[in-house]
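Chemist: Input: one structure, supplied below.
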Amino acid sequence: MKQTLAALIAGLVFGIGLIVSGMANPEKVLGFLDLAGLWDPSLAFVMGGAIIVGLVAFSVARRRTLSFLGLKMNIPQSNQIDKRLVFGSLVFGIGWGIAGFCPGPGLVALGAGEGKAAVFVASMIGGMILFDLLERRKKAA
Amino acid sequence: MTIAWSDFTPWAALSGGILIGVAAAIFLLFNGRIAGISGILGGLLTPSQGGASWRIAFVGGLIAAPLLWLAFGALPPIEINAGYPALIVAGLLVGLGTRYGSGCTSGHGVCGLSRLSVRSLVATLSFMAAGFVTVFVIRHILGV
């Protein structure tokens with residue numbers, strides 16, 4: 001119960017942060033990705049602000065084996081840099097550049113009642129399901 | 001490079017970024033997990049991953065955030081200029097790519113860089129570079 005409540009609060013605060021920062025607006029994200037046009041550096045400041053807080057949070061987390069709610073700390077241990085990581089990230093970046101949406105802002109814009117965001121999110125979920133199907137087929141083979 | 005001074009909102013960006021960092025910190029310190037949105041959502045589609053209730057709560061919080069905002073005032077503009085075919089292609093690529101690459105702007109970009117992960121740095125540089133090139137091709141070569 002507490003775990004669900006903490007997740008809800010984290011999701012809400014994350015979403016509010018995306019709205020405050022302007023990142024829920026794909027046109028603003030594209031303004032950052034358009035280096036050759038009129039460049040809007042805002043996204044770098046969003047990342048900077050988030051990472052400053054994140055650095056402190058992870059330095060606290062590293063010294064703990066259990067979370068404040070007594071849950072196991074699930075921090076990724078993988079250091080593997082492989083084709084999947086790079087290729088997947090490149091494919092994601094192309095999609096990001098086409099519409100200016102990454103997963104978080106897509107969900108926030110959906111909540112704001114944007115029909116186009118609903119189309120993006122539905123298609124994104126389709127892509128994730130496709131990934132699962134391809135993975136399952138690979139395992140079965 | 002020409003900076004769009006009239007669009008640049010450093011203080012709003014920084015304060016929104018700090019809120020995003022606080023959200024990631026809450027999720028990390030209370031739930032013991034990385035606030036990676038593609039992973040949280042993707043895990044819902046793979047039932048064997050478990051944790052349906054907290055996954056739904058986090059995604060629900062993101063979707064509810066603009067509704068909470070509306071209780072206090074008007075939302076800032078959300079301009080979506082991409083057409084429907086572009087949105088469908090973009091969604092598919094973002095869904096597939098984030099699952100293959102195990103993360104997106106939140107998981108690799110914010111959380112991964114915060115924990116100084118080289119793997120996440122490589123992922124972030126890859127999707128940023130692909131985003132820069134894609135926008136360059138669309139806006140300056142195809143001229144859309």
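The numbers here are math on the coordinates, done by the rules we state, and not lab data. Being a predicted model, the structure only gives us computed values, none of them experimental. Here Cβ is always computed from backbone atoms with ideal geometry, including for glycine, and neighbour counts include all displayed protein chains.
Chemist: If you take the residues of region A:54-73 that are without any contact (Cβ under 8 Å) to a residue 40 or more places away in the chain and touching a Phe, Trp or Tyr at 6+ places or on another chain (Cβ under 7 Å), which of them is farthest from residue B:34 (Cα to Cα)? Break it down stepwise before answering.
Modeler: Initial filter on region A:54-73 (without any contact (Cβ under 8 Å) to a residue 40 or more places away in the chain): A:54-68, A:70, A:72-73.
Next, only the ones that are touching a Phe, Trp or Tyr at 6+ places or on another chain (Cβ under 7 Å) stay: A:67-68.
Values: A:67: 12, A:68: 15 Å.
The residue in question is A:68.
Chemist: Please go through region A:96-120 and give me each residue that is facing another protein chain (nearest Cβ under 7 Å), touching a residue at least 24 places away in the same chain (Cβ under 8 Å) and assigned to a helix (DSSP H, G or I), ordered by number.
Modeler: Listed by number, the residues that qualify are A:96, A:97, A:99, A:104, A:107, A:108, A:109, A:111.
Chemist: To continue, here is another question. Would you call residue B:24 among the hydrophobic types (A, V, I, L, M, F, W, C), surrounded by 24 or more Cβ atoms within 10 Å (Cβ to Cβ) and assigned to a helix (DSSP H, G or I)?
Modeler: Values: among the hydrophobic types (A, V, I, L, M, F, W, C): yes; surrounded by 24 or more Cβ atoms within 10 Å (Cβ to Cβ): yes; assigned to a helix (DSSP H, G or I): yes.
Yes; evaluated as a whole, the condition is true for this residue.
Chemist: Looking at A:8, A:30, A:35, can you tell me which residue is facing chain B (nearest Cβ under 7 Å), touching a residue at least 40 places away in the same chain (Cβ under 8 Å) and among the aliphatic types (A, V, I, L, M)?
Modeler: Values: A:8 fails: touching a residue at least 40 places away in the same chain (Cβ under 8 Å); A:35 fails: touching a residue at least 40 places away in the same chain (Cβ under 8 Å).
The unique qualifying residue is A:30.
Chemist: So, one more: Report those helices (runs of 4 or more DSSP H) wholly inside region B:49-137 carrying at least 2 residues which are surrounded by fewer than 22 Cβ atoms within 10 Å (Cβ to Cβ) and of a type in the set (Gly, Ala, Ser).
Modeler: By residue number, B:52-70.
Chemist: Turning to a different aspect of this structure: Assuming residue A:5 fulfils every condition listed in (1) in a helix (DSSP H, G or I); (2) under 16 Å from the mean Cα position of the chain (by Cα); (3) not charged (D, E, K, R) apart from one, which condition is it?
Modeler: Every condition holds for residue A:5 apart from (2).
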